[in-house]
Amino acid sequence: MNKQPVSYLQTDPRWAKKDYSAKGEKTTIGASGCGPTAMAIAVATMTDTDTDPAKMAAWAADHGYWARRSGSYHSIVRGTAQGFGLEVQAVTERTPERLRDILSSGGMVVALMGRGHFTDGGHFILLRGTTLTGEILVADPNSLERSLESWDPQLILDELSSARDNGAPLWAIYTPGT
């Protein structure tokens with residue numbers, strides 16, 4: 001990753017009330033758009049693509065990643081990364097050291113969180129870097145406050161979703177050649 005991570009919130013008034021659905025269903029980016037917002041952050045940070053949560057939500061819905069009553073299918077991570085020329089791998093070694101290795105080598109990590117500090121249900125966040133003391137910096141699409149904190153990597157690992165489909169709950173994203 002060559003540039004500072006882009007920062008987007010799904011609750012930003014520019015797009016919070018915009019539709020994130022398909023076939024006339026009604027849900028909004030503010031309510032259910034953590035997946036496309038997290039992917040907009042990754043794509044805008046790691047490529048030269050001009051995107052934001054509204055553009056990414058439209059793209060995700062058009063490509064079948066919107067999930068009725070649950071926001072996004074887990075396949076949004078792999079599909080979006082590949083759709084925008086990024087490399088993506090499921091992270092099966094779930095240790096603090098592995099997270100730090102990915103982040104220090106220029107990658108980002110999409111994490112599907114379960115109940116805990118980040119959500120009461122399922123929620124996509126992006127791990128974007130580390131501090132000098134080894135804590136994790138996040139981009140939480142639903143919270144500026146949590147995005148400004150540094151986090152114990154073990155706490156993040158402990159609060160991951162129990163989902164294990166489509167690479168969940170952790171995906172490493174890289175620009176090609178890194």
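A compact table of results
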quantity: Pairwise label distance in nanometres, residue 90 with residue 165, each label 7 Å out on the Cα-Cβ vector; calculated: 1.2
quantity: Efficiency of FRET from Cβ geometry, residue 154 and residue 69, R₀ 35 Å, rounded to 0.05; calculated: 0.65
quantity: Pairwise Lys count, the chain - Cα closer than 19 Å, eight or more residues apart or different chains; calculated: 6
quantity: Hydrodynamic radius (Kirkwood) for segment 18-62, which is based on Cα pairs only, to one decimal in Å; calculated: 10.4
quantity: Within-9-Å neighbourhood charge of residue 29 [Cβ basis; K, R +1; D, E -1]; calculated: 0
quantity: Kirkwood hydrodynamic radius over Cα pairs of segment 54-113, then Stokes diffusion coefficient at 20 °C and 1.002 mPa s, in µm²/s; calculated: 165
quantity: Burial ranking of peptide ranges 124-130, 80-86, 56-62, 143-149 (average Cβ count within 10 Å, highest at the top); calculated: 124-130, 56-62, 80-86, 143-149
quantity: Helix-only CD estimate at 222 nm, as mean residue ellipticity for the chain, using -39500 (n - 2.57) per DSSP H run (n ≥ 4); calculated: -8500 deg cm²/dmol
quantity: Calculated over the chain: convex hull of Cα atoms, volume per residue (Å³); calculated: 103
quantity: Kirkwood Rh and Cα Rg combined as Rg over Rh, evaluated for segment 82-152; calculated: 0.95
quantity: Accessible surface of residue 137 - all protein chains present, 1.4 Å probe, nearest 10 Å²; calculated: 40
quantity: Estimated FRET transfer efficiency (residue 55, residue 4; beta-carbon r; R0 22 Å; 0.05); calculated: 0.65
quantity: Most to least accessible of 93, 135 (protein chains only, probe 1.4 Å); calculated: 93, 135
quantity: Environment charge at residue 115 (Cβ cut-off 13 Å; Lys +1, Arg +1, Asp -1, Glu -1); calculated: -3
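The values are calculated or read from the model by the stated rules, or taken from the named source; none is laboratory data. All figures in this text were calculated on a predicted structure; none of them were measured in a lab. All Cβ positions, glycine included, derive from the backbone under ideal geometry; neighbour counts span all protein chains shown. Ligands, DNA and RNA are stripped out before the accessible areas are found, and what is left, the full protein with its side chains, is counted by its heavy atoms. Shrake-Rupley method; radii C 1.70, N 1.55, O 1.52, S 1.80 Å.
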